[in-house]
Amino acid sequence: MQNLLLDIDAGMVDWARAQFALTAIYHWLFVPLTLGLALIMGIIETCYYRTKNTFWKDAAKFWQKLFGVNFAMGVATGIILEFEFGTNWSNYSWFVGDIFGAPLAIEGIVAFFMESTFVAVMYFGWKKVSPGFHLASTWLTGLGATISAWWILVANSWMQYPVGCEFNPDTMRNEMVSFADVALSPFAIDKFCHTVTSAWIIGAIFTVAVCFYYLLKNREHKLAIESIKVASIVGLVASVLAAVTGDHSAYTVAKVQPMKLAAMEALYNGGEGQSLTAIALVNPFSQPDYAKGEEPPLKIGIPYMLSFMATHDFNGFVPGVNDLIKGGYTNADGQVEPSLAEKMERGRQAIAALADYRRIKAETKGNLSPEQEKDLAGKAGILKENMKYFGYGYIKDADDVVPSIPLCFYTFRIMVGLGCLFILFFALTLFFVYKRDITKGKWWKWLGIILLPLGYLASESGWLVAEFGRQPWTIQDMMPTWVGVSDLSSSAVIITFFLFLILFTVLLAVEISILCKQIKKGPEYSK
């Protein structure tokens, strides 16, 4: 951002994005299990506190042991992820450091410190503190991890819906004017609720899968059955909540990121009373010719449901890709949406005004004549008037602002389809464990084990929708990805990309190996 005439290595942009995606995907393999197991182990230890039955204490220790292995791996990848903002995305970090840095600092100082402190008490304090204090430590460990997720998601949500800030042309930075608007953004609240409930699903699926393994091996029957009861209740409640929060997230996305919603639905020409696509043959290997406006073949939809999901009105207007490019319709704020060409022109006006403002400041060194003060104020006014579209000044054509439609379309349906499957699975598992002998038969147990990787697939698909759907923006409407990168050669990032790929793969293999050994070993029962 410091140099408005950008000369960016295209390869650097691609490799910086690839490295960040690699780190984020690996990191998200560890985080949801941490959040999910934290809830389950807290419930199990609460059962011990209420009943004083040592079985529940042994069960809590077993699940806490698995939690600890995963927790350590998540910390390692998370630290690297935050450092990449400074190494690969320094222009972005400079531009929004006053805002973006605040939630990340709070996450590190408060939430991470909190969970790191109480996790030590949870592991080593069984014989050193009272049962009540130990129970509180277990819950506070999980709460710390959840608060940590909150602040990270606040930072991510601000990138997708930048609020509570003003651009200062003197410092070339976006500066926070309302911490409450940033921290309590409706986008952040929706994302947090949906993300955490989806993480609970992962924890529940993992627990059920481990217990089904024990039942297949005809061992640890009591641990397996009681843990299945807890995990299935958590999983069913979380799956329903994820569906509800997902619906509300879609409503928010429709208001602030309509292009993402259009890509998720492969909706080229919008209108009123739009159907929610259930099935369509979108070519998964190439971007469709959306300009022609032709519907994907074999499209089957649920009548009026997209309009209801996006506007809470069955006859509400939902813009398609072409509508967003052409503009002219009334948007969610009740204003006429400008065309992409208008946004690009206003973005270029903002960039030119900023360049002129900086030039005048540099030439006069603060000693302004009345005429220069008037000119400077005029440039500042033009910049402020058009700052909303600042990022569009770097856009060259319509293809730049349309995300990958096949990727968004299919990952969204993978996430939703598997979410529906999880609701059914947990409901039937509860029925079997309470009304049938769940120790008999094998097919349901194998299904529960198979669902574990599918749970991660659904979780990662949700993140792919969220992050690829907002392309090309690092900050929605304000900074494209190619403006936010560091001034590095792509070769530097290529080297670290493959180093991280090897490192993260080794970490994942180590975690899986340790988890498998601990699961095979089983719980240690009190004598």
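The values are calculated or read from the model by the stated rules, or taken from the named source; none is laboratory data. From a predicted model like this one, the values you see are computed outputs, not experimental measurements. For neighbour counting, all protein chains shown are included, and Cβ atoms are generated from backbone atoms with ideal geometry for every residue, glycine included. Only protein heavy atoms, including side chains, enter the accessible area calculation; ligands, DNA and RNA are left aside. Shrake-Rupley method; radii C 1.70, N 1.55, O 1.52, S 1.80 Å.
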Original post:
Restricted to the stretch 315-354, and to residues that are in contact (Cβ under 8 Å) with a residue 60 or more places away in the chain and of a type in the set (A, V, I, L, M), which residue is nearest to GLY378 (Cα to Cα)?
Top reply: LEU354
Original post:
Do you know which of the residues in the stretch 314-323 that are of a type in the set (A, V, I, L, M, F, W, C) and within 22 Å of HIS248 (Cβ to Cβ) is most open to solvent (accessible area, probe 1.4 Å)?
Top reply: PHE314
Subject >> Filter result (under 23 Å from GLU337 (Cβ atoms) and surrounded by fewer than 14 Cβ atoms within 10 Å (Cβ to Cβ)) within the stretch 296-313 >> reply: HIS312, ASP313
**OP:** Output the number of residues of the stretch 381-422 satisfying the condition of being open to solvent by 50 Å² or more (accessible area, probe 1.4 Å), part of a loop (DSSP other than H, G, I, E, B) and within 30 Å of ASN168 (Cβ to Cβ).
**Re:** 1
Original post:
Does the stretch 76-97 contain any residue that is outside any helix (DSSP H, G or I) and over 29 Å from VAL506 (Cβ atoms)?
Top reply: no
Subject >> Subset of the stretch 210-267 (residues that are polar (S, T, N, Q) and open to solvent by 10 Å² or more (accessible area, probe 1.4 Å)) >> reply: ASN218, THR245, SER249, THR252
Original post:
Does PHE167 satisfy being touching a residue at least 12 places away in the same chain (Cβ under 8 Å) and not in a helix (DSSP H, G or I)?
Top reply: yes
Original post:
When only residues in the stretch 330-380 that are within 40 Å of the chain's Cα centre (by Cα) and assigned to a loop (DSSP other than H, G, I, E, B) count, which is surrounded by the fewest Cβ atoms within 10 Å (Cβ to Cβ)?
Top reply: GLY334
Subject >> Cross-chain or 6+ apart pairs with Cβ under 8 Å, the stretch 11-31 first and within 15 Å of VAL506 (Cβ to Cβ), then among the basic types (Lys, Arg) and surrounded by 20 or more Cβ atoms within 10 Å (Cβ to Cβ) >> reply: none
**OP:** Please enumerate the residues belonging to the stretch 307-328 that are assigned to a loop (DSSP other than H, G, I, E, B) and closer than 24 Å to ASP247 by Cα.
**Re:** HIS312, ASP313, PHE314, ASN315, GLY316, PRO319, GLY320
**OP:** Of all residues in the stretch 120-142, count the ones that are touching a residue at least 60 places away in the same chain (Cβ under 8 Å) and in a helix (DSSP H, G or I).
**Re:** 8
Original post:
With ALA111, ALA38, ALA60 as the choices, which residue is in a helix (DSSP H, G or I), touching a Ser or Thr at 6+ places or on another chain (Cβ under 7 Å) and at pLDDT 90 or above?
Top reply: ALA38
Original post:
Since PHE179 meets every condition but one in (1) touching a Lys or Arg at 6+ places or on another chain (Cβ under 9 Å); (2) open to solvent by 50 Å² or more (accessible area, probe 1.4 Å), which condition does it not meet?
Top reply: (1)
Original post:
In this structure, is HIS194 under 15 Å from the mean Cα position of the chain (by Cα) and at pLDDT 90 or above?
Top reply: yes
Original post:
modelled with pLDDT of 95 or more, of a type outside the set (Val, Ile, Thr) and crowded, with 16+ Cβ neighbours inside 10 Å: does that describe PHE425?
Top reply: yes
Original post:
Do any helices (runs of 4 or more DSSP H) lying entirely in the stretch 434-527 carry at least 2 residues that are surrounded by fewer than 16 Cβ atoms within 10 Å (Cβ to Cβ), of a type outside the set (Lys, Arg) and without any contact (Cβ under 8 Å) to a residue 40 or more places away in the chain, and which ones are they?
Top reply: 443-468, 490-521
Original post:
Does the stretch 303-316 hold any residues that are more than 27 Å from the chain's Cα centre (by Cα) and under 14 Å from GLU265 (Cα atoms), and which are they?
Top reply: PRO303, TYR304
**OP:** Within the stretch 277-286, identify whether any single residue is open to solvent by 20 Å² or more (accessible area, probe 1.4 Å), under 28 Å from ASP397 (Cα atoms), more than 23 Å from the chain's Cα centre (by Cα) and free of Cβ contacts under 8 Å to residues at least 40 places away in the same chain, and answer yes or no.
**Re:** yes
